[in-house]
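Worksheet: the structure to be examined is printed underneath.
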Amino acid sequence: MQYVSLYNGVKIPVIGYGTFQLADAALCEQCVGNALEAGYRLFDTAAVYGNEEAVGSAVRSSYVPRKEIFLTTKLWVQDAGYDSTLKAFEASLKRMKLEYLDLYLIHQPFGDIYGAWRAMERLYREGAVRAIGVSNFSPERLVDLCMNHELKPMVNQIEIHPFFQQGEALRVMKDYGIVPQAWGPLSEAQRDIFHHKVLSRIAQKHGRTTAQIILRWHYQRGVVTIPKTIHQNRMTENLDIFDFTLTEKEMESIGGMDIGHSEMIDHRCYYTARQLNSVKIHGDMLP
Ligand code: NAP
């Protein structure tokens, strides 16, 4: 595994394992176990995924020491706010049966995110979490958060893939020393990406799969990725990207695939704010 340093010196694996849509506990636990076996050391979950217990259980039962594993979970919109964030963090730790987290992210830029951020600064200072960050923050939201708090996010996890390359967001994150982490790094398999002609041509030339070309492209752009797969052979395939290099011309060809917007979710639209604020993961009181 290779690592990059966050601005506080904490090292984060450049490829991790995503667990979105792995709500079945047995399957999730098995997949995380297989991923650990394959060499993954970063696991990405979220309170809203409903699988924190399973991820925690797989990590606890692994032969890999806890300190070698980088665990991320996320605060859901319903729990944004100072007090509710502190409680939600405790609830996540309890579900995972773990002592500390490596990265805690504000999942969505909705709700009382300023209260949430102050609580996260406190959790970080108290040592309950080794790094804090945000997710789905567009450049103006990110800059505003940075300019109104003592601590900047260490990571911003956003949708990035060849069809939505997020050039401006990456430039802003670089300016602020924030590490970009791509969700949907393989575009969730949309637009038949694994058979795209540009990627297939490059893959053929390198004797690699299109998934490896995409993940290598992210790596060369300095983007941390968290691809999800339930298949063991693909887990291994997705990690095996460190022994070849894409040329400048190949990077440019993939650059040409950008359509400049998301076809999955638009965080700048009012209906996204309405929809995500409506998703409740527990009753009025945290369990
Ligand atoms: P993704 O990783 O881009 O794509 C997953 C899809 O690609 C699955 O259909 C998987 O199928 C397929 N796949 C994976 N490796 C492959 C390979 N080598 N060859 C062919 N197909 C392959 O999408 P994602 O799961 O949405 O994103 C990754 C992670 O980001 C999530 O799991 C989650 O942890 C995080 N995420 C965060 C947010 C957020 O709002 N912060 C949103 C979405 C996701 P199989 O499983 O059948 O192999």
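Throughout, read-outs are computed from the coordinates displayed, never taken from laboratory work. Quantities reported herein were computed from a predicted structural model and do not represent experimental measurements. No Cβ is skipped: glycine too gets one built from the backbone with ideal geometry, and neighbour counts run over all protein chains shown.
Structural remarks
- Environment charge of residue 243, counting only residues whose C-beta is closer than 14 Å and scoring Lys/Arg +1, Asp/Glu -1: 0
- Relative packing of 112-123, 229-240, which averages over residues the other C-beta atoms within 10 Å, highest first: 112-123, 229-240
- Each 10 Å bin, from zero up to the one with the longest distance, holds this percent of the alpha carbon pairs of region 164-247: 16, 49, 29, 5.
- For region 63-196, the antiparallel share of DSSP beta bridges with both residues in that region comes to about 5%.
- Over the C-alpha atoms of the chain, the Rg to Rh ratio, Rh being the Kirkwood estimate, stands at 0.95.
- Region 20-122: Cα Rg divided by the 2.2 N^0.38 Å rule of thumb: 1.06
- Anisotropy class assigned to region 133-287 is prolate, per the alpha carbon gyration tensor with a/c at or over the 1.5 cut-off and a/b larger than b/c.
- Summing Lys and Arg as +1 and Asp and Glu as -1 over all other residues whose Cβ lies under 11 Å from the Cβ of residue 151 gives a net charge of +2.
- Packing, taken as the mean count of other beta carbons within 10 Å per residue, orders the peptides 43-52, 62-71, 185-194 from highest to lowest as 43-52, 185-194, 62-71.
- Distance (nanometres) between label positions extended 7 Å along Cα→Cβ at residue 8 and residue 99: 1.8
- Direction-averaged projected area, Cα convex hull, region 12-70: 3.6 nm², rounded to one decimal.
- Residue-averaged 222 nm ellipticity for the chain, from DSSP H runs of 4+ at -39500 (n - 2.57), nearest 500: -12000 deg cm²/dmol
- Cα-centred dipole magnitude for region 1-86, charges only on beta-carbon of K, R (+1) and D, E (-1), debye, nearest 20: 380
- Burial order of peptide ranges 148-154, 267-273 (average beta-carbon count within 10 Å, highest first): 148-154, 267-273
- For the pair region 179-208 and region 21-72, the centres of their Cα atoms are 25 angstrom apart.
- About the centre of its Cα atoms, the chain shows a dipole size close to 340 debye [charges on the beta carbon of Lys, Arg (+1) and Asp, Glu (-1) only; nearest 20 debye].
- Region 120-195: radius of gyration and largest Cα-Cα distance (Dmax), Å: 14.3, 48
- For the chain, the share of DSSP beta bridges that are antiparallel, to the nearest 5, is 15%.
- Rg in Å to one decimal, and Dmax rounded to a whole Å, for region 55-197 via C-alpha atoms: 16.1, 50
- Neighbourhood charge, 15 Å Cβ-Cβ cut-off, centred on residue 263 and excluding it, Lys, Arg +1 and Asp, Glu -1: -3
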